[in-house]
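Below is one structure, written out as structure tokens, with a few remarks after it.
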Amino acid sequence: MNREDCVLFSGAAGGAEAAFGAAAERHGIEEVNFTFDGHKDARQRGIRVLTHAELQHGDVSLAYVAKLMRRRYPDTAMFKKVLQSIWHQVNNGQEIYVVGVIQKDDTVKGGTGWGAEFAKLCNKPLFVFDQERDGWFRWTGDVWAEAGAPVVAHPHFTGTGTRFLKPNGERAIGELFARTFG
């Protein structure tokens with residue numbers, strides 16, 4: 001794959017998104033970081049501030065997301081904007097990489113989980129590095145399967161995940177980029 005054709009779509013938040021962006025920058029990969037007014041961005045490279053109208057394209061019912069994810073989310077304007085920006089990240093990527101924790105109900109923990117569920121709904125290749133199990137997993141359409149050491153296969157890909165990035169998660173992101181673009 002030609003690195004000049006590649007774009008990382010992310011969200012500029014601290015933790016996994018910042019690590020994905022830093023890895024993209026080290027490897028000469030363009031990055032687009034979807035954000036919105038009032039968001040605390042950890043990265044400045046490739047910032048794309050979404051307008052109110054663009055955020056509305058990614059609008060989703062909190063009741064729907066809560067039911068799908070089997071958990072409660074805060075009903076705040078800020079949280080809705082986070083979900084809307086995640087929609088843009090996943091919508092633009094052809095392949096989705098997430099760092100977080102896969103829970104027993106097959107969802108991913110936290111707000112990041114919405115990105116993973118949206119990727120499932122869109123039938124996009126989805127990989128999660130589970131920081132607790134210290135490994136990559138791929139969604140098969142029915143279950144999570146061990147993924148070994150994945151390599152980015154699509155030029156437009158998404159990297160997102162937890163704000164609470166552990167050393168193994170940061171290493172996994174670095175190794176993903178090294179395997180693909182090294």
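The values are calculated or read from the model by the stated rules, or taken from the named source; none is laboratory data. Quantities reported herein were computed from a predicted structural model and do not represent experimental measurements. Heads up, the Cβs are rebuilt from the backbone with ideal geometry, glycines too, and the neighbour counts pull from every protein chain shown. Accessible surface areas use protein heavy atoms only, side chains included; no ligands, DNA or RNA. Shrake-Rupley method; radii C 1.70, N 1.55, O 1.52, S 1.80 Å.
Restricting attention to the range 112-123, does a residue exist that is at pLDDT below 95, over 28 Å from Phe181 (Cβ atoms), of a type in the set (Gly, Ala, Ser) and not in a strand (DSSP E or B)? Looking through the range 112-123, none of the residues is at pLDDT below 95, over 28 Å from Phe181 (Cβ atoms), of a type in the set (Gly, Ala, Ser) and not in a strand (DSSP E or B). The residues listed here are Val143, Val151; of these, the one that is touching a Lys or Arg at 6+ places or on another chain (Cβ under 8 Å) and over 24 Å from Leu62 (Cβ atoms) is Val151.
The set of residues in the range 81-103 that are surrounded by fewer than 24 Cβ atoms within 10 Å (Cβ to Cβ) and in a strand (DSSP E or B) comprises Glu95, Ile102. Output the residue which, of all residues in the range 1-13 that are open to solvent by 10 Å² or more (accessible area, probe 1.4 Å) and over 12 Å from the mean Cα position of the chain (by Cα), is farthest from Ala153 (Cα to Cα). Top of the filtered list is Glu4.
Could you list, in sequence order, the residues of the range 102-157 that are charged (D, E, K, R) and farther than 18 Å from Ala19 by Cβ? Talk me through it step by step, then tell me what you get.
Looking only at the range 102-157, we keep the residues that are charged (D, E, K, R), and these are 104-106, 109, 117, 120, 124, 130, 132-134, 138, 142, 146.
Scanning the range 102-157 gives Lys104, Asp105, Asp106, Glu117, Lys120, Lys124, Arg133, Arg138, Asp142, Glu146.
Look at (1) of a type in the set (A, V, I, L, M); (2) open to solvent by 30 Å² or more (accessible area, probe 1.4 Å); (3) outside any loop (DSSP other than H, G, I, E, B) and you find that Val151 fails only one, number (3).
Determine, yes or no, whether Glu95 is of a type in the set (Asp, Glu), farther than 20 Å from Leu126 by Cα and touching a residue at least 24 places away in the same chain (Cβ under 8 Å). Give the steps one after another, and end with the answer.
Working: of a type in the set (Asp, Glu): yes; farther than 20 Å from Leu126 by Cα: no; touching a residue at least 24 places away in the same chain (Cβ under 8 Å): yes.
No, not satisfied.
Hey, does the range 63-80 have a residue that's closer than 28 Å to Cys6 by Cα, of a type in the set (A, V, I, L, M) and touching a residue at least 12 places away in the same chain (Cβ under 8 Å)? No - not one qualifying residue is present in the range 63-80. The set of residues in the range 124-135 that are open to solvent by less than 20 Å² (accessible area, probe 1.4 Å) and either assigned to a helix (DSSP H, G or I) or not aromatic (Phe, Trp, Tyr) (or both) comprises Leu126, Val128, Asp130, Gln131, Gly135.
Of all residues in the range 25-51, those being open to solvent by 40 Å² or more (accessible area, probe 1.4 Å) and in contact (Cβ under 8 Å) with a residue 60 or more places away in the chain number 2. Scanning the range 52-73 for residues that are open to solvent by 30 Å² or more (accessible area, probe 1.4 Å), part of a helix (DSSP H, G or I) and under 19 Å from Ile102 (Cβ atoms) returns a single hit, Leu68. Just one residue in the set Arg138, Arg171 is within 22 Å of Cys6 (Cα to Cα), in a strand (DSSP E or B) and of a type in the set (D, E, K, R); that residue is Arg138. Whenever a residue of the range 152-175 is under 15 Å from Gly135 (Cα atoms) and modelled with pLDDT of 95 or more, its partners that are part of a helix (DSSP H, G or I) and aromatic (Phe, Trp, Tyr), lying with C-beta atoms within less than 8 angstrom and at least six residues away or across chains, give the pairs Gly161/Phe20; Ile173/Phe20. Residues of the range 104-123 include at least one that is more than 15 Å from Ala13 (Cβ to Cβ), out of contact with any His (no Cβ under 8 Å at 6 or more places or on another chain), of a type in the set (Ser, Thr, Tyr) and open to solvent by less than 50 Å² (accessible area, probe 1.4 Å).
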